[in-house]
Amino acid sequence: MPQQDPHTPRVMVVDESEAARTQVGEALRQAGFLVTALGSAEAALPLWTLFRPHVVLMAVHAPGFASVAVARRLQRLTSGAVPFVYLLDAPDPELRLHVLERGHGVDALAKPLELRELVARVRGLLRLREGVRRMSRPADDEVTGLRDRLTGTWSRRAMTAFVQQELLRCERHGGGFGVLGIELQGFRHLRRTFGRTMADRLVLYASTVLLQASREADVVARVADHRFAVLLPSTPQEGLHWVRSRLAERFDRARFQVDGRIVRTAVSIGCTAFPDLRGNARRLLAAAFTGMPQLEVVQTPVLS
């Protein structure tokens with residue numbers, strides 16, 4: 001086997017259909033990608049660390065959808081750093097939402113596939129992945145402002161860049177994404193009453209709840225003292241309300257101690273989606289918070 005250029009992007013294609021994986025694999029090879037094509041999701045497990053794919057295209061078949069469970073195992077091996085695109089047998093909104101949420105996918109495409117579009121989407125994901133990698137390991141003179149020092153989440157500056165990059169990807173290749181705005185209620189009162197240290201502890205606790213509730217593909221940022229934003233790639237408008245409700249339930253169950261007393265962590269959660277709302281990254285981020293009075297989903301803080 002001839003030696004391959006280590007800088008060539010590597011794509012793993014998983015599909016039980018030999019005709020489908022041959023067609024997709026050939027289109028990707030002609031586009032300059034290094035491809036390995038497999039007939040089952042289980043076959044990817046022993047090859048994962050050897051091939052080290054940059055993107056995975058994985059077919060999902062009814063009724064068991066076993067490939068989704070395997071995909072989650074593979075994602076854990078790389079801490080979710082490899083984007084998964086699921087290939088569906090036919091257009092199915094419920095199945096699409098299932099693989100995006102349960103399978104932590106960044107996209108889902110229905111067959112028959114338009115091969116030129118598929119290649120373009122893979123290229124877009126590789127650019128996004130490379131951008132995230134560069135931002136995760138910036139040069140010394142670029143470090144300031146990308147990470148929030150208290151929580152370790154991304155900063156407002158970094159989130160604006162991520163949203164802008166996702167905007168460009170969707171405008172070029174289609175699709176959409178969502179942004180959630182999360183505001184801690186009673187933050188200023190707690191800071192005045194108990195001091196900055198206790199307020200910082202609440203912010204850190206809230207960031208932990210957000211990170212635990214988010215998918216690997218999501219981006220969490222602290223955008224103000226008491227505000228967070230979450231970027232949800234490839235999440236349509238109809239999926240945002242389900243994600244928001246799930247997140248609200250997590251905060252409803254969360255408890256934070258202040259001087260031996262329990263504080264029920266109260267938040268307001270707003271959301272916006274592209275392409276339902278168009279504009280630049282700053283406008284989309286602002287819109288996630290502007291609609292909060294109408295989108296409030298939690299109660300006032302309670303101490304017991």
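Got a sec? Which of Ala199, Ala221 is assigned to a helix (DSSP H, G or I) and under 13 Å from Leu150 (Cβ atoms)? Answer to the check: Ala199. Considering (1) assigned to a helix (DSSP H, G or I); (2) modelled with pLDDT under 85; (3) polar (S, T, N, Q), the lone condition that Gln164 does not fulfil carries the number (2).
Taking Phe251, is it touching a Ser or Thr at 6+ places or on another chain (Cβ under 8 Å), assigned to a strand (DSSP E or B), at pLDDT below 85 and assigned by TED's automatic domain parsing to the domain that holds Trp154?
No.
When we screen Glu216, Glu183 for residues that are modelled with pLDDT under 85 and either in the same structural domain as Thr290 (by TED's automatic domain parsing) or outside any helix (DSSP H, G or I) (or both), the only hit is Glu216. Taking first residues from segment 205-223 that are of a type in the set (Ser, Thr, Tyr) and partners that are at pLDDT 85 or above and buried (at least 19 other Cβ atoms within 10 Å of the Cβ), the Cβ contacts under 7 Å between residues at least 6 apart in sequence or on separate chains come to Ser207/Thr151; Ser207/Thr153; Ser207/Arg222; Ser207/Phe228; Ser214/Val220; Ser214/Val230. Under the condition of being assigned to a helix (DSSP H, G or I) and either of a type in the set (Val, Ile, Thr) or in the same structural domain as Thr235 (by TED's automatic domain parsing) (or both), the residues counted in segment 67-87 number 2. For segment 26-46, the set of residues classified as of a type outside the set (A, V, I, L, M, F, W, C) and farther than 13 Å from Ala59 by Cα consists of Glu26, Arg29, Gln30, Gly32, Thr36, Pro46, listed by residue number.
The values are calculated or read from the model by the stated rules, or taken from the named source; none is laboratory data. Every value quoted in this text rests on a predicted model; they were computed, and no experiment measured them. Backbone-built Cβ (ideal geometry, glycine too); neighbour counts: all protein chains shown.
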